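Working notes, structure below.
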Amino acid sequence: MHMLLELMDLSQNGLVGSIPGWLGTLPNLSYIDLSRNLLTGELPKEFFHLKALMSEKAYEATEKNYLPLPIFISPNNIIISQQYNQMYNFPSAIYMERNNLTGSIPVEIGQLKALQVLELHGNNFSGRIPDELSNLTNLERMDVSNNNLSGRIPPSLGLLHFMSYFNVANNSLEGPIPTGSQFDTFPKSYFEGNPLLCGGVLMTSCTAPSREPATTTEDDELKRTLVVGSAIGYIFGFSSILFVLIVVVIQVGSEEHCSAEANNTETSVLLSHQRSAFGSEAVPVFGV
């Protein structure tokens, strides 16, 4: 019987664990609401093999019978519930907001060409917004706000002419916001909380401010600094050389003084020896 399942709403049940990939094998499943639980882990790639969402033809081929009892659903936390009496009235949608899902948004999501609503806000998704989302030509609503997404908003999303709601607030996105078509109609609040986003409805420039050329006063100050630095270098170098020369001169003079004193001492000793020798030989002859 589960192979006939077309609608699954397990929101606000305190569910834990990861999203099973086998959900993608349910051929008729086109409405999934797992929002406001405690789900963790990454989105499995297998989940995006939902046959009923891969083409408009496959989506329309699923049975859209009348319901035995009406179903009341409050999507996006709207206070007033919406009543559904027939399966055909349900949008093709994936609601997974307000969980603890991580990892990147798989590029395989671009296969779900019949998808109309994608709600992934309030998780911990990282990485880039896949360019493959531009394949979802029936997408009317997309909310990936309050995540950790980075990079640029793909300009190709501007080709999604049915999209009337697009919210990427409070991420780490950067670069210019696409312009033209419906992007010019989205309010500023849908893009705030991304300090590096620019252009579009934010009305901020995407060009980096050019550095002003240095003024004449700054040039003069730089030249003055260079001259003073060079002068100090020359003075220090000359002083060092002069100090070395003085030390050498003093050392040479000291050596010459010591040499002269040594020579004088030797001469005095020699003369003393000579006088001593002469006195011993000079015997007076008149005393004989």
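The values are calculated or read from the model by the stated rules, or taken from the named source; none is laboratory data. Bear in mind that the values here come from a model prediction, so they are computed numbers and not experimental data. A quick note on method: Cβ atoms are made from the backbone with ideal geometry, for glycine too, and the neighbour counts reach across all protein chains shown. Please note that ligands, DNA and RNA were not included when accessible areas were found on the heavy atoms of the full protein model with its side chains. Shrake-Rupley method; radii C 1.70, N 1.55, O 1.52, S 1.80 Å.
General remarks:
- Built amide H within the under 5 Å cut-off of Asp33, gap 5+: Met8, Asp9, Leu10, Tyr95
- Annotation: amide H of Gly193 within the under-5 Å range of Asn170, sequence separation 5 or more or interchain, hydrogens built in the peptide plane.
- As a calculated quantity, the FRET efficiency between Asn13 and Asp131 at R0 = 35 Å, using C-beta atoms, amounts to about 0.55.
- Couplings 3J(HN,Hα) of region 131-142, computed from phi: 5, 5, 4, 5, 7, 7, 5, 9, 5, 10, 9, 9 Hz, in residue order, whole Hz [Karplus 6.51 cos²θ - 1.76 cosθ + 1.60, θ = phi - 60°; x for Gly and Pro].
- Couplings 3J(HN,Hα) for region 16-24, derived from phi with the Karplus relation 6.51 cos²θ - 1.76 cosθ + 1.60 (θ = phi - 60°), are 10, x, 9, 7, x, x, 5, 4, x Hz, where x marks Gly and Pro.
- Lys-Lys pairs in region 7-202 that are eight or more residues apart or on separate chains and whose Cα atoms lie under 24 Å of each other come to 6.
- Rolling a 1.4 Å probe over the protein chains gives Glu42 an accessible area of about 120 Å².
- Accessible-area ranking of Leu38, Leu53, largest first, probe 1.4 Å: Leu38, Leu53
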